[in-house]
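Here the structure is laid out as structure tokens; the discussion comes afterwards.
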Amino acid sequence: MELLKQVIDELRPKKDVVDKCTAVLNSINSGIKKKKIRAMAVLGGSIAKGTFLKNDYDCDIFVKFSLDCKKKDISDLLEKVLKDFPKVNRIHGSRDYFNFKLNRINFEIIPVLDIKKAEQAMNITDCSPLHVKWVKDNLKKNLRLTDEIRLAKAFCKAFKVYGAESYMRGFSGHVLDVLVIYYKGFIPLLKNAVKWKEQEVIDFNNYYNGNALERLNKSKLGPLVVIDPIQPERNAAAVLSKENFLLFKKSATSFLKKPLKKFFEKKEITIKELKDKSKHKKLVLLNVKAFEGKEDVVGSKLLKAFNYINKNLVLNGFTVYDKGWKWDKKKNSLFWFILKHEILPESLKRIGPPIKNKENVKQFMKKHRKTFIQGKRICANVKREFRKPEELIKFLKKTKYLKEKAKKIEIFIY
């Protein structure tokens, strides 16, 4: 398709990005040599695979430590090597890693053990270089797939279903690598995706001989099951949400019916667009200041705050037509809710237990003075606590739950 050729040309990055990453890699290896540490730094992620996108990349560097170091704190060893780099941050996790920004590139430096097979791993990150090797080995067999993976990434980013972080619950880069290689292209992936059933199994090496759902741990199942070619006991797509699974299928169907360039263009919604979209309705905008911390943790807190507010709006009788949120991955986040333009009645009907449950009816009547029977249940009209959405949100702002999730929330009504 001519369209895909045009898109690929726009997605291919400049070679100087790899050169800048390689320069940092060489500096780290020089530092390792000076400290006489038994380790070696190698490029990782999409930079190493050659599948990164123009103007949309980070650089992962894995520092592979000899297995002799498995009883040592390899994060501490790596920190000594990185002390000469500017503004290096130590990120705490199951094994601490480091990040810094240089030449407009975000670098993540991850200490791993130099394992030869997955069974030797002491930490999940130890397998990452093996994943990179698997992808590179398969791309060597079919170099065309490098650009096909770029198409899949751009497609998923455009629909906000890319990223395995807990606040995204989308397709990871590794899962897209496996899917494109498995189906031998982007269009074949889409054509198969529209036919996916829930708990579709992709088993590249046929490790489970068609019995993956029976043999895998139930906690690892999800709407899509992608057997990791390196760690077959792992579902690489375990974090994918049902919502994002269905959105990907729907987007694939739409593209195949009418292929357009916009399917690969990441669009950030603006306040003006939200105002236009919410004509004759009420638009509630929340400027939310995030706490500092690890991206995945902060993002998860913001997502929980968003869901908490939405759930309470619905529970309190407000009609939510549309909702969404975005975050700059730093301090600023925007939540929006498009609601029915109304002031709710002063009272609401609370439905109690069935009248045959005498003890529960008795307790209900103690809580509510004026009750009545409707159908086979006891009911009461109670005074509504919040008649406007802004009143409810002002109350929620003061709750311990939201105070722990967001630093500050400002409310704007249109």
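Below is a table of values for the structure above.
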{"item": "Filtered residues of the range 144-165 (kept if modelled with pLDDT under 95 and either of a type in the set (S, T, N, Q) or farther than 16 Å from Leu247 by Cβ (or both))", "result": "Glu165"}
{"item": "Residue list for the range 57-97, filter: of a type in the set (A, V, I, L, M) and loosely packed, with under 12 Cβ neighbours inside 10 Å", "result": "none"}
{"item": "Residue satisfying all of: in the range 5-17; surrounded by fewer than 17 Cβ atoms within 10 Å (Cβ to Cβ) and not basic (Lys, Arg); nearest to Val88 (Cα to Cα) among these", "result": "Asp16"}
{"item": "Subset tally (residues that are surrounded by fewer than 18 Cβ atoms within 10 Å (Cβ to Cβ) and at pLDDT below 95) for the range 166-196", "result": "1"}
{"item": "Selection from the range 239-271 of residues that are assigned to a loop (DSSP other than H, G, I, E, B), exposed (fewer than 14 other Cβ atoms within 10 Å of the Cβ) and either in contact (Cβ under 8 Å) with a residue 60 or more places away in the chain or among the β-branched types (Val, Ile, Thr) (or both)", "result": "Leu260, Glu265, Lys266, Lys267, Ile269, Thr270"}
{"item": "Residue match in the range 339-346 (condition: surrounded by 11 or more Cβ atoms within 10 Å (Cβ to Cβ), at pLDDT 95 or above, on the phi < 0 side of the Ramachandran plot and assigned to a strand (DSSP E or B))", "result": "yes"}
{"item": "Pairs, first in the same structural domain as Gln199 (by TED's automatic domain parsing) in the range 210-221, second surrounded by 11 or more Cβ atoms within 10 Å (Cβ to Cβ) and part of a helix (DSSP H, G or I), C-beta under 7 Å, six or more apart", "result": "Leu221/Leu213"}
{"item": "Those residues of the range 1-32 which are closer than 21 Å to Ile109 by Cα and touching a residue at least 60 places away in the same chain (Cβ under 8 Å), in sequence order", "result": "Val17, Lys20, Cys21, Val24, Ile28"}
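Okay, residues lined up against (1) β-branched (Val, Ile, Thr); (2) closer than 23 Å to Val284 by Cα; (3) modelled with pLDDT of 95 or more; (4) in contact with a strand residue (DSSP E or B) (Cβ under 7 Å, 6 or more places away or on another chain):
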{"position": "Ser333", "(1), (2), (3), (4)": "no, yes, yes, yes"}
{"position": "His368", "(1), (2), (3), (4)": "no, no, no, yes"}
{"position": "Arg384", "(1), (2), (3), (4)": "no, yes, no, yes"}
{"position": "Glu391", "(1), (2), (3), (4)": "no, yes, yes, no"}
{"position": "Phe395", "(1), (2), (3), (4)": "no, yes, yes, no"}
{"position": "Lys400", "(1), (2), (3), (4)": "no, yes, yes, no"}
{"position": "Lys403", "(1), (2), (3), (4)": "no, yes, yes, no"}
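The values are calculated or read from the model by the stated rules, or taken from the named source; none is laboratory data. What you are looking at is a predicted structure, and each value in this text was computed from that prediction instead of being measured. We place every Cβ from the backbone using ideal geometry, glycine too, and count neighbours over all the protein chains shown.
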